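The structure appears right after this line, and notes come after that.
Values quoted throughout were computed directly from the atomic coordinates according to the rules given, and no laboratory measurement underlies them. Please read all numbers here as calculations on a predicted model, not as lab measurements. Positions of Cβ are generated from backbone atoms using ideal geometry, with glycine treated the same way; all protein chains shown enter the neighbour counts.
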Amino acid sequence: MPKKKTSKKRDFSFDDMPSLRAKNKGELTSFGASKRIKNKKYVSKALWECLVADDTDGFKDILSAHLELINKDEFAESAGISRRTLFRMLSAEGNPTLDNISKIIHKLCA
């Protein structure tokens, strides 16, 4: 039995699409989410909002995204948390203690 061909070449490319300009704004600026997630000010504010809203999954997602861009070992050491505890906190089953959360928030705000 011959093998079926399942994929086809795409008919378009995003490079071929025309660029758009905003009215009366001039040039568009590019948004870099990685710049914001590296910024401790934005991360600490977002983490605080997650705590106020009782959003533990959001807290873990924001913290893990921040830790992806920085050195986790240095962060854990400077926050006074073991690396293993930090990774357990971020796991799906992780349940961080108030002590560990306060150490993370203090490290980001200090």
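Here the simple spin-label model places points 7 Å from the Cα toward Cβ, and for ASP73 and ILE105 these points are separated by 3.0 nm. Each of LYS40 and ASP55 was given a label point 7 Å from its Cα along the Cα-to-Cβ line. The distance between the two points is 2.4 nm.
Each of PHE87, PHE59 was scored by other Cβ atoms within 10 Å of its Cβ. Listed from fewest to most, they are PHE87, PHE59. Counted by neighbouring Cβ atoms within 10 Å, the residues LEU67, LEU108 run from fewest to most as LEU67, LEU108. By the count of neighbouring beta-carbon atoms within 10 Å, fewest first, LYS45, LYS103 end up ordered LYS45, LYS103.
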